[in-house]
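Structure record follows, encoded as structure tokens.
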Amino acid sequence: MARQGLTGVLLVGGASRRFGSPKALARLGGETLADRAWRTLGEACDERLAVGKASDRLELPFALVDDETDVRAPIAGVVAGLRAAKHDVCVFVPVDCPFVSPKSLRKLAERAPAHPQTGPLPGAYPRSLLSELERKLERGDYSLRELEARVVELDERELANVNTQTDLLRVQML
């Protein structure tokens, strides 16, 4: 069976309150978290999109799709990514998940809708979920946890999350 096209979506719309500055611009291993995730998506996907808040005015080396909402929750980026995607399946990577591999993203995509054992992101979601997600967003239900999705076991090290400056220091040691 031929592989269908895959869209990779980098989510950069978080408020970074706990981090103290835009996580997308934090540096790890000589590159920003945004550059690192963008490179990973390029290795795994046929199309890449970055979704966030145009009003944040992040200086990124790639175009940003504005999620066109004031909501600061991943669901806003997932909805905007599904709307903008050329392909039926999208993998979503939060900018603060720097170690997820292209192989794991493809593994999630093959099982879409799917997410790892730690929760809904990173995750792979088909455009067929768009109307359901739009309704959730409209009614103020910002959780992705209730979505029907397969759980795909991934290496826990790939799922390390950078929410604080201390987290960034910790993952620099990995």
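The values are calculated or read from the model by the stated rules, or taken from the named source; none is laboratory data. Remember, predicted model here, so these are calculated numbers, not experimental data. With ideal geometry, Cβ positions are generated from the backbone for all residues, glycine too; neighbour counts draw on all protein chains shown. We work out accessible area using only protein heavy atoms, side chains counted, and drop any ligands, DNA or RNA first. Shrake-Rupley method; radii C 1.70, N 1.55, O 1.52, S 1.80 Å.
For the reader, a short list of remarks on this structure follows.
- Per-residue extension of 0.36 nm, minus the Cα-Cα distance of Thr164 and Arg150, leaves a gain of 2.1 nm for this segment.
- For the range 63-152, the solvent-accessible area of protein heavy atoms averages 47 Å² per residue (probe radius 1.4 Å; ligands and nucleic acids excluded).
- Exposure rank, largest accessible area first [Leu10, Leu159; 1.4 Å]: Leu159, Leu10
- For Lys53, the lysines whose Cα comes closer than 26 Å to its Cα, not counting residues fewer than 8 places off in the same chain, are Lys23, Lys86, Lys136.
- Two-site label geometry, Ser131 and Glu110: point separation in nm, points 7 Å out along Cα→Cβ: 3.1
- Taking the centroid of alpha carbons for each part, the range 98-149 and the range 21-87 are 15 Å apart.
- For the range 42-87, alpha-carbon Rg relative to the globular expectation (2.2 N^0.38 Å, N residues): 1.16
- Ordering Ala109, Gly8, Phe99 by Cα displacement along the dipole of the range 1-149 toward the positive end leaves Phe99 in first place; charges were set at the Cβ atoms of Lys, Arg (+1) and Asp, Glu (-1).
- Prolate is the label for the range 53-119, because the ratio a/c of its alpha-carbon gyration tensor axes (a ≥ b ≥ c) is 1.5 or higher and a/b is greater than b/c.
- Among Val89, Pro61, Gln172 - extreme Cα towards positive end, dipole of the range 54-174, charges at beta-carbon: Val89
- Less than 5 angstrom separates the built amide H of Leu28 from those of Leu33, all sequence-distant by 5 or more or on a different chain.
- Evaluated with a Cβ-only charge set (Lys, Arg +1; Asp, Glu -1), the chain carries a dipole of roughly 200 debye about its Cα centre, given to the nearest 20.
- In this Cβ point-charge picture (+1 for Lys and Arg, -1 for Asp and Glu), the range 114-163 has a dipole of about 140 debye about its Cα centre.
- Given a 1.4 Å probe and the protein chains as shown, Glu68 ends up with an accessible area of around 150 Å².
- Debye, to nearest 20: dipole size of the range 71-115, +1 on Lys, Arg Cβ, -1 on Asp, Glu Cβ: 60
- Extension gain from Gln4 to Arg18, taking 0.36 nm per residue of separation minus the Cα-Cα distance: 1.2 nm
- Cα-based convex hull, the range 59-174, per residue volume (Å³, whole number): 128
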